[in-house]
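The values are calculated or read from the model by the stated rules, or taken from the named source; none is laboratory data. Computed from a predicted model, the values in this text were never measured in an experiment. As a convention, Cβ positions derive from the backbone with ideal geometry for all residues, glycine included, and neighbour counts pool all protein chains shown.
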């Protein structure tokens, strides 16, 4: 089980300053709306934190579009809401990014070929719980997730939705339970190469070798991209660059997002 509570809390408290601006071509009044600034949790999802953003901008767009689904883009790249905010930031901007993060708000021309519709928070909840079960299938063959009661799933979701560390971790610690000598069955991770979110690099990876040595981040990268020179890559997770010799098991327990996946963003130097 994840034991370093201070690391878990620091990861949980990670936030990003974002500057939201309405797309100029969608402005329907003479008055230009002020930008909307918000500190958003890295671990959350955009549909959970942008209700105030929508209320701020919706009165400035055409009446026919005020009931349309709001969507976001960064430098022309639509932001996929199904990924945690921190994953999008680390993959699109990297560790040396200039803050605040400037994001454009849209109510028109929803890019249906690139984005999934998200009409309600219930859609986010369904996606999130599906990820939890997928991660648990890798870690525990779904033994933990399927044994949980509905109230446990609700508490996980409410803890994430309301940004409540203790509420969330009182349940999530069960999903992080493992044999400390063997670790998880497999490490739940998703490796994103730059802004390529369509096909994250994934292979089944056990946290420990036959020699009983715990595998490291460097071992994982050698497996996924054997031809790449490690010196030409930067790997970011939760806004930091972990050492290549960091054990995957430790990273999975302490740096996973609330969906229980370790999201790694790769950048070429």
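Within the range 26-50, restricting attention to residues that are modelled with pLDDT of 95 or more and exposed (fewer than 15 other Cβ atoms within 10 Å of the Cβ), the residue that is nearest to residue 156 (Cα to Cα) is 39.
As for the range 193-202, it holds at least one residue that is closer than 24 Å to residue 15 by Cα, touching a helix residue (DSSP H, G or I) at 6+ places or on another chain (Cβ under 6 Å) and either part of a helix (DSSP H, G or I) or at pLDDT below 95 (or both). When the criteria are applied in full, residue 11 meets the requirement of being crowded, with 19+ Cβ neighbours inside 10 Å and in contact (Cβ under 8 Å) with a residue 60 or more places away in the chain. Remark: pairs (first residue in the range 96-120, in contact (Cβ under 8 Å) with a residue 60 or more places away in the chain; second residue buried (at least 19 other Cβ atoms within 10 Å of the Cβ) and assigned to a loop (DSSP other than H, G, I, E, B); Cβ separation under 6 Å; 6+ apart in sequence or on different chains) = 107/61; 107/70; 118/81. Can you find a residue in the range 105-115 that is in the same structural domain as residue 36 (by TED's automatic domain parsing) and not in a loop (DSSP other than H, G, I, E, B)? Yes, the range 105-115 contains a residue that is in the same structural domain as residue 36 (by TED's automatic domain parsing) and not in a loop (DSSP other than H, G, I, E, B). So is residue 130 at negative phi and modelled with pLDDT under 95 or not? Taking the combined requirement at face value, the residue does not satisfy it.
Cβ-Cβ distances below 6 Å connect the following pairs, each with a first residue in the range 137-152 that is modelled with pLDDT of 95 or more, a second residue that is part of a helix (DSSP H, G or I) and crowded, with 17+ Cβ neighbours inside 10 Å, and a separation of six or more residues or different chains: 152/171. Restricting attention to the range 160-177, the residues being surrounded by 18 or more Cβ atoms within 10 Å (Cβ to Cβ) and part of a loop (DSSP other than H, G, I, E, B) number 1.
Scanning the range 84-98 for residues that are part of a loop (DSSP other than H, G, I, E, B) and at pLDDT below 95 turns up 93, 94, 95, 96, 97, 98.
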